[in-house]
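> Once you've had a glance at the structure underneath, I'll fire off some questions.
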Amino acid sequence: MSQVLPPIPPSQPAPPVPPSFPPPSPGWAPPHRRPRRAGFAVAVLTGALLVGGGAGLGGAALYDAATGDGSGSGGTSSLPVVDNGNRPAASGSVESVAAAVLPSVVALDVRGSGGEGSGSGVVLDSEGLILTNDHVVTLGGQIPADQAEVTVSFNNGEKVPATVVGTDPLTDTALVEVDGVADLKPVTIGKSSNLDVGEQVVAIGSPFGLDATVTSGIVSALDRPVEVARDAQGNATAYPAIQTDAAINPGNSGGPLVNMDGQLVGINASIRSTSSGQGAESGSIGLGFAIPIDEVLPIIDQLRAGDTPTHARLGIQVSDVAGAAGSSDATLSGARIAEIERGSAASDAGLRQGDVITAIDDHRIEGTEALIATVRSYRPGETVKITYLRDGKESTTELKLGSDG
């Protein structure tokens, strides 16, 4: 069973969760930049980066000294050089996408009583509204969002303080706002539902504090169940993630994933790590995950209106199952109903304790994470068809999803 994703410092391989939540499992890590006070593992990697940087600079200095003629002219060579000038970027190229989107991407530095860290964000409107991750502004759940001291750095080098408008831990979404910044360029918002597996995408952000870093890849999978948080009772929540092999690293959290038209289709939120120890560092291994923008837009509207975000719910507690419900098929998978709330959407639709949910509409349910992520992709009040097994017999029922609001 997959475990929780983002909300802890990115130097840790597990996702960040509020302190009252149970600790997340190893192997997953939010890609926001490591806090500067994150302990030995961070110090080791930072030291390695500093040594590497120093070596690179030293090497360049030695090269200049060895090849220079003392004349001070560093731009000449006896070798033939072809200068084609700066060619215009081809439409639909990574270069053209970067040129269009970079002015909309920002870096966020966050301070609070729990330490400090940073991540990325994207400008939503000309008034200064910026979208990022909840785990960026709360330092992985270490501080309340309203106590975060946020500084936003724009692509032109301007730095201004920002105010947290609101957050939604269940979708790892946060809005911050800046005032008095002229000539903001809002990102163009696309539809994540139009994405196809194999489609090229571009990720932009500030991995390891390297602002305005552009990487590209493809959509590796869609609707990948990825845990993002657990509540105080230990109940998991997940979202149907966009999986990409575009390099995503600590510091990319909150930054945009865009299609080749330069349209925002996802918010980079987490990565898969090969590390599992508390002191281990994580980096890109070609398994990055973004929150689909279609799932985020309703939350943005509620946050900017000052409302508490709402989410669809069935009103059940579930567990993973294999070869269950009296079926002779040992390969059967699904989510078994362990508890059901009286008066909930599931109860009113006739579902019972022990039923095994195998599909919601045309989405296969292979376990608890898939169920949670699929329900999260709907809004309260929407009608869905539930396919389930009871005593080895498959049945369907329709229900109107409830709300946690």
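> List Asp391, Asp355, Asp362 from most exposed to least, where exposure is judged by having the fewest other Cβ atoms within 10 Å.
Asp362, Asp391, Asp355
> Pop out the ³J(HN,Hα) list for segment 218-223 in order, Karplus 6.51 cos²θ - 1.76 cosθ + 1.60 with θ = phi - 60°, rounded to Hz; leave Gly and Pro as x.
Per-residue couplings from phi come out as 10, 6, 7, 6, 10, 6 Hz.
> OK, next. For segment 90-244, what class follows from the C-alpha gyration tensor (a ≥ b ≥ c being the square roots of its eigenvalues): rounded when a/c is under 1.5, otherwise prolate if a/b is larger than b/c, else oblate?
oblate
> I've got another one for you. Kirkwood Rh over Cα pairs of segment 126-165 into Stokes-Einstein at 4 °C, 1.567 mPa s: D in µm²/s?
117
> Report, ordered by chain and residue number, the lysines lying within cross-link reach of Lys385, taken as a straight Cα distance under 16 Å and ignoring same-chain residues fewer than 8 apart.
Of all the lysines, those that pass the test against Lys385 - Cα under 16 Å, at least 8 places apart if same chain - are Lys400.
> How far apart, in nanometres, would the label points at Asn86 and Ile285 be if each is projected 7 angstrom from Cα along the Cα-to-Cβ direction?
4.0
> Quick check: pseudo-label points 7 Å beyond the Cα along Cα→Cβ at Gln353 and Gln317, how many nm apart are they?
Between Gln353 and Gln317, the label points sit 1.0 nm apart.
> For segment 312-403, with equal point scatterers placed on the C-alpha atoms only and solvent neglected, what are the log10 I(q)/I(0) values from the Debye formula at q = 0.15, 0.25 1/Å, to two decimals?
These q points yield log10 I(q)/I(0) values of -0.47, -1.38.
> Taking the alpha-carbon centroid of each part, what is the distance from segment 163-221 to segment 87-109 in angstrom?
12
> So, one more: Quote to one decimal, in nm, the extra length available between Asp179 and Asp307 on full extension: 0.36 nm per residue of separation minus the C-alpha distance between them.
So the chain would gain 44.0 nm between Asp179 and Asp307.
> Amide H to amide H, which residues 5 or more places from Val228 or on other chains are under 5 Å from it, using H placed in the peptide plane?
For Val228, the qualifying residues are Leu5, Thr237, Ala238, Tyr239.
> Which of the peptides 376-384, 109-117, 126-134 is most tightly packed, and how do the rest follow, going by the mean number of other Cβ atoms within 10 Å of each residue?
Result, highest mean first: 126-134, 109-117, 376-384.
> Take each of the peptides 173-179, 156-162, 265-271, average the number of other beta-carbon atoms within 10 Å over its residues, and list them starting from the highest.
Taking the mean over residues of other Cβ atoms within 10 Å, the ranking is 265-271, 173-179, 156-162.
Each value in this text was obtained by applying a stated rule to the coordinates, not by laboratory testing. Quick caveat: nothing in here was measured; it's all calculated off a predicted structure. Methodologically, a virtual Cβ is constructed for each residue, glycine included, from the backbone with ideal geometry; neighbour enumeration extends over all protein chains shown.
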